[in-house]
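Peer 1: Below are the structure tokens for one structure; questions will follow.
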Number of protein chains: 2
Amino acid sequence: MLPEKVRDYLNANRDRHLSELCEFLRIPSIANVHGEPDGCLQAAEWLVERLERIGLSAAIEPTGGRPIVFAEASPNADAPTVLIYGHYDVQPPDPLDKWHTPPFEPSVRDGAVFARGANDDKGQLYTHIMALEAWQNAAGGPPVNVKMLLEGEEEQSSPNLEPYVAANAGRLSADAAVISDSEFFAPDLPCLVYGLRGIVYAEITFTGPAGDLHSGTHGGAVTNPANALAQVLAAMHDEAGRVTLPGFYEDVVETDDAEQRLWSALPFDEAGYARSLGVDAPSGGEAGRDVLQRRWSRPTLDINGIVSGYIEPGAKTIIPARASAKVSTRLAPDQQPQKVVDGFRRFLTDNTPAGIRWDLTVHSTARPVLLSRRSPALEAASAALEEAFGRRPAMIRMGGSVPVTELIQRILGIDAAMMGYGLPDDNIHAPNERFRLRQFYDGAVASAAVLGNIHKQQSSQ
Amino acid sequence: MLPEKVRDYLNANRDRHLSELCEFLRIPSIANVHGEPDGCLQAAEWLVERLERIGLSAAIEPTGGRPIVFAEASPNADAPTVLIYGHYDVQPPDPLDKWHTPPFEPSVRDGAVFARGANDDKGQLYTHIMALEAWQNAAGGPPVNVKMLLEGEEEQSSPNLEPYVAANAGRLSADAAVISDSEFFAPDLPCLVYGLRGIVYAEITFTGPAGDLHSGTHGGAVTNPANALAQVLAAMHDEAGRVTLPGFYEDVVETDDAEQRLWSALPFDEAGYARSLGVDAPSGGEAGRDVLQRRWSRPTLDINGIVSGYIEPGAKTIIPARASAKVSTRLAPDQQPQKVVDGFRRFLTDNTPAGIRWDLTVHSTARPVLLSRRSPALEAASAALEEAFGRRPAMIRMGGSVPVTELIQRILGIDAAMMGYGLPDDNIHAPNERFRLRQFYDGAVASAAVLGNIHKQQSSQ
């Protein structure tokens, strides 16, 4: 149980904490806008200042890209050490015209705070700062030693995190790790995530004629890069919705019966899920697989963006000189990103029609990850979630990628507890992202409780 | 033969005519930019003023879209009447960054004038005004009665021209028609065009989920509109490069042997053609058809533009909520646009996957046209081209659409002479459009000579 005084402190400081979060949300820490000044450094500086105020030593540490904020507090050499991860970068806010209030002007209404990053991940990250502050000010310090690893490139799949973790493995060593960058399974059902898909995010460019051509004068005599790209992208799936890149399924591990039973018992409302997305039914993906398998344990290939030729209103009769598409595959355990990249290249070599030059740029990769479904950290997190939200969490996988989880597992040897506080309809990566205030406040209770629970586990050993 | 004094007049006034053309080119008469003030009305007013100065009565006449300039001069009731067609609207200038000088600031260099519309069609249209001025000022008036039909929506496939021509068939009646909106077959080989492809220009929109979705969380559970659009567009061609819309080839007429011999005799340099487009070889279109067939007498389907999802630099992991493509088919004689539109709708009904709602908007249509290869007007035009350029023109078809030609044939009963002065590498519909000064000046000689030739034909009957 979380000490009463820590919980009381959190309750008493809700308004201030919310207004501090809003301050954090106002910083436009968009990671992927190239060549423009951005708010990432500003967000990192804000975090350092905030962490030092509650007794951690904190510093901005350079990487090949956006910096990492590393902070630590070691109140007790005998206590276990907990590594807390979060990210301060956010998704780009476009399409801007779909936001009801501006993405970087937080708006509190309908029991939620609306802003880009409110949920993913500034809001969830901030619950850990609130928890540490509560332990510090109400109980004289956290019950464990704490290290915080706060990165600025998660939304780009963390291209510079692996070298950082590898180079700082000693400094980052810990007994347990906690990550809050995920969501509840359902509005009233917290969960712990033990599996994540990986990703290969690539951009394909097809180049044909030297310039745009008149489609009347030359149509039929020149391979149209947009036609060709549509053809090649379409060929990346077969009739059964399976991806046709060479070797794609070779390393995919099937779920076992125990896991399948776990998922079958989940209160997954397929019709409600479809409704929440605005579709009639969950109709994509591989034939013969249920929706949770398709989202969690099966790989996918999605076009994230495509552009070619004339895209303004009206008509222009051209054969475009080039066409390009951003294409990402979500990888199931144990697919290897490099093998998928190789598969892309082989597929393009084999399928690109005459008259087209292709180019493939890999924006980012991350390996899939599977954690143990029973570890001490998961037990501590499970009890903390139950205490904060009144219900024992479900054990689930997640379709997205949180690259740090795999790095923490592979390089530091720790299976992290992924205890997220978002709700499924919080519009992350979309307009009108939000974080419910209840999830925010109770999330801080869980973030505080997990530290006490990890401390207790060691004491009882 | 063109009277010496008319030719001398044209020679003596070259500089002034060029600077007048530049004035015309400075007017940004882009037809397809919706909701913004444009230069079309300004261009129409400029033409009226210019035509009245050389003795024609001219007026701006409303249509459902951009106005038509109609002008006439009837110096001799017994003379034949010639209808001259041109268009004052131009293609959009984008991509702007590819222009060496701004598209609406004409630049005279390397023996050519560079500007949007320099060739298509303001420059060619202006040769007829120069010709009429020369007849007027050097010979007391043109040798024939003249009617001019100058439209402002050709680059949108003339959506309002048919009702105008139908409603004004009496006023537009003539003995012959001349159109200069095409190009030489080769730099030194003028030509007359007796066949044109038609067009159906449509826009397909696929809508899936209510908003963009996280491709990790939902990938595999939702039909991705961009994936689906690529798949459906790819299915519109078979392996042999044939279009698969239902009924698409039913009305296509094959070229006959005589025509095929005519084309085989043309000095068509396939390698040079490919080089001029910046490709290794002319590699598109239907298997088993030669390049001229593929460009002139076979139908095509080209994506002119496609857009979906995230298209800025970098990566965004979304399943886009919608995807759209502008797709145009070029039609061979005797394909019917309405039947092709119906084919599109049937194809989309049959092939759009579950989870996607489709919409089809038709931007424009035009019927294909085949003219007689021997008519008095063609004879007059042939002699005029030979006199101006020193070589008898080839008889060819063209892959583009000039909708007015079909209307003049079908509604007014006249087979027009399509005598164009552009060169194949003039970059029409592309950045750095140009019109060679030699083609401009000699084109004006041809435009003057054809009127004399038509007059002589009647006198000699």
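The values are calculated or read from the model by the stated rules, or taken from the named source; none is laboratory data. These numbers come from a predicted model, not from an experiment. Note that we place each Cβ from the backbone using ideal geometry, even for glycine, and neighbour counts take in every protein chain shown.
Peer 1: Given the conditions (1) over 30 Å from A:I454 (Cα atoms); (2) crowded, with 20+ Cβ neighbours inside 10 Å; (3) of a type outside the set (D, E), which single one is not true for A:P95?
Peer 2: (2) is the only condition that A:P95 fails.
Peer 1: Next up: Starting from residues that are crowded, with 24+ Cβ neighbours inside 10 Å and within 22 Å of B:I396 (Cβ to Cβ), keep the ones in region B:329-344 and report whichever is nearest to the other protein chains (Cβ to nearest Cβ).
Peer 2: It comes out as B:R330.
Peer 1: If you don't mind, another one. Got a sec? Which of B:I306, B:I319, B:I356 is of a type in the set (A, V, I, L, M), within 22 Å of B:T223 (Cα to Cα), surrounded by 20 or more Cβ atoms within 10 Å (Cβ to Cβ) and more than 8 Å from every other protein chain (Cβ to nearest Cβ)?
Peer 2: Of B:I306, B:I319, B:I356, the one residue that is of a type in the set (A, V, I, L, M), within 22 Å of B:T223 (Cα to Cα), surrounded by 20 or more Cβ atoms within 10 Å (Cβ to Cβ) and more than 8 Å from every other protein chain (Cβ to nearest Cβ) is B:I356.
Peer 1: List pairs: first in region B:1-29 and modelled with pLDDT of 95 or more, second of a type in the set (K, R), Cβ under 6 Å, 6+ apart or cross-chain?
Peer 2: B:F24/B:K122; B:L25/B:K122
Peer 1: Kindly indicate whether A:A202 is modelled with pLDDT of 95 or more and more than 7 Å from chain B (Cβ to nearest Cβ).
Peer 2: For A:A202, the condition - modelled with pLDDT of 95 or more and more than 7 Å from chain B (Cβ to nearest Cβ) - is met.
Peer 1: If you don't mind, another one. Test of understanding: among B:G195, B:G140, which residue is on the phi > 0 side of the Ramachandran plot and not charged (D, E, K, R)?
Peer 2: It is B:G140.
Peer 1: Take the residues of region B:149-182 that are among the acidic types (D, E) and crowded, with 24+ Cβ neighbours inside 10 Å: which is modelled with the lowest pLDDT?
Peer 2: B:E155
Peer 1: It is to be established whether one or more residues within region B:379-397 are away from chain A (no Cβ under 13 Å) and at positive phi.
Peer 2: yes
Peer 1: Among B:E203, B:E239, which is the only one that is of a type in the set (D, E) and more than 24 Å from A:Y310 (Cβ to Cβ)?
Peer 2: B:E239
Peer 1: Which of the residues that make up region A:73-113 are part of a loop (DSSP other than H, G, I, E, B) and either within 14 Å of chain B (Cβ to nearest Cβ) or of a type in the set (V, I, T) (or both)?
Peer 2: Hits for region A:73-113 are A:D89, A:Q91, A:P92, A:P93, A:D94, A:P95, A:W99, A:H100, A:T101, A:P103.
Peer 1: Let me ask another. Scan region A:266-289 and give yes if some residue there is at the interface with another protein chain (Cβ under 8 Å from one of its Cβ atoms), at pLDDT 95 or above, under 22 Å from the mean Cα position of the chain (by Cα) and crowded, with 19+ Cβ neighbours inside 10 Å, otherwise no.
Peer 2: no
Peer 1: Now a separate question. Confirm whether B:A138 is over 26 Å from B:Q91 (Cβ atoms), within 22 Å of the chain's Cα centre (by Cα) and of a type in the set (A, V, I, L, M, F, W, C).
Peer 2: It is false that B:A138 is over 26 Å from B:Q91 (Cβ atoms), within 22 Å of the chain's Cα centre (by Cα) and of a type in the set (A, V, I, L, M, F, W, C).
Peer 1: From the residues in region A:222-238 that are assigned to a loop (DSSP other than H, G, I, E, B) and in contact with a Leu (Cβ under 8 Å, 6 or more places away or on another chain), which one is nearest to B:R295 (Cα to Cα)?
Peer 2: Checking each candidate, the answer is A:V222.
Peer 1: Any idea which residue in region A:98-126 is surrounded by the most Cβ atoms within 10 Å (Cβ to Cβ), counting only those that are more than 9 Å from A:L25 (Cβ to Cβ) and among the small types (G, A, S)?
Peer 2: Among those that are more than 9 Å from A:L25 (Cβ to Cβ) and among the small types (G, A, S), it is A:A112.
Peer 1: Kindly indicate whether A:R391 is among the basic types (K, R), over 21 Å from A:E162 (Cα atoms) and touching a strand residue (DSSP E or B) at 6+ places or on another chain (Cβ under 7 Å).
Peer 2: Yes.
Peer 1: Please verify whether region A:186-206 includes one or more residues that are closer than 14 Å to A:G86 by Cα, hydroxyl-bearing (S, T, Y), buried (at least 24 other Cβ atoms within 10 Å of the Cβ) and in contact with a strand residue (DSSP E or B) (Cβ under 9 Å, 6 or more places away or on another chain).
Peer 2: no
Peer 1: Any idea which of A:I84, A:I129 is over 15 Å from the mean Cα position of the chain (by Cα), touching a residue at least 40 places away in the same chain (Cβ under 8 Å) and within 21 Å of A:P159 (Cα to Cα)?
Peer 2: Exactly one of A:I84, A:I129 is over 15 Å from the mean Cα position of the chain (by Cα), touching a residue at least 40 places away in the same chain (Cβ under 8 Å) and within 21 Å of A:P159 (Cα to Cα), namely A:I84.
Peer 1: Does region A:408-418 contain any residue that is within 14 Å of chain B (Cβ to nearest Cβ) and either crowded, with 24+ Cβ neighbours inside 10 Å or among the polar types (S, T, N, Q) (or both)?
Peer 2: There is at least one residue in region A:408-418 that is within 14 Å of chain B (Cβ to nearest Cβ) and either crowded, with 24+ Cβ neighbours inside 10 Å or among the polar types (S, T, N, Q) (or both).
Peer 1: Do any helices (runs of 4 or more DSSP H) entirely within region B:114-219 hold 3 or more residues that are under 30 Å from A:G285 (Cα atoms), and if so, which?
Peer 2: Qualifying helices (runs of 4 or more DSSP H): B:215-218.
Peer 1: Answer yes or no: is there a residue in region A:235-249 that is surrounded by 14 or more Cβ atoms within 10 Å (Cβ to Cβ), among the hydrophobic types (A, V, I, L, M, F, W, C), away from chain B (no Cβ under 13 Å) and touching a residue at least 40 places away in the same chain (Cβ under 8 Å).
Peer 2: Yes, region A:235-249 contains a residue that is surrounded by 14 or more Cβ atoms within 10 Å (Cβ to Cβ), among the hydrophobic types (A, V, I, L, M, F, W, C), away from chain B (no Cβ under 13 Å) and touching a residue at least 40 places away in the same chain (Cβ under 8 Å).
Peer 1: Assigned to a helix (DSSP H, G or I), on the phi < 0 side of the Ramachandran plot and out of contact with any Leu (no Cβ under 8 Å at 6 or more places or on another chain): does that describe A:D8?
Peer 2: Yes, satisfied.
Peer 1: Pairs needed: first member in region B:275-298, among the polar types (S, T, N, Q); second member anywhere, surrounded by fewer than 22 Cβ atoms within 10 Å (Cβ to Cβ); C-beta distance under 6 Å; at least 6 residues apart or different chains.
Peer 2: Hits for this filter: B:S276/B:D425; B:S283/A:A354; B:S297/B:T255.
Peer 1: Considering B:D188, B:D251, which residue is over 23 Å from A:S308 (Cβ atoms) and assigned by TED's automatic domain parsing to the domain that holds B:A315?
Peer 2: That would be B:D251, the only listed residue that is over 23 Å from A:S308 (Cβ atoms) and assigned by TED's automatic domain parsing to the domain that holds B:A315.
For (1) surrounded by fewer than 20 Cβ atoms within 10 Å (Cβ to Cβ); (2) free of Cβ contacts under 8 Å to residues at least 40 places away in the same chain; (3) touching a helix residue (DSSP H, G or I) at 6+ places or on another chain (Cβ under 6 Å); (4) among the polar types (S, T, N, Q), each residue gets a yes or a no:
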| site | (1), (2), (3), (4) |
| --- | --- |
| A:V362 | yes, no, yes, no |
| A:A366 | no, no, yes, no |
| A:R373 | yes, no, no, no |
| A:A380 | no, no, yes, no |
| A:M398 | no, no, no, no |
| A:E433 | no, no, no, no |
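Peer 1: Does B:L292 satisfy the criteria of being outside any loop (DSSP other than H, G, I, E, B), at pLDDT 95 or above and more than 7 Å from chain A (Cβ to nearest Cβ)?
Peer 2: In short, yes.
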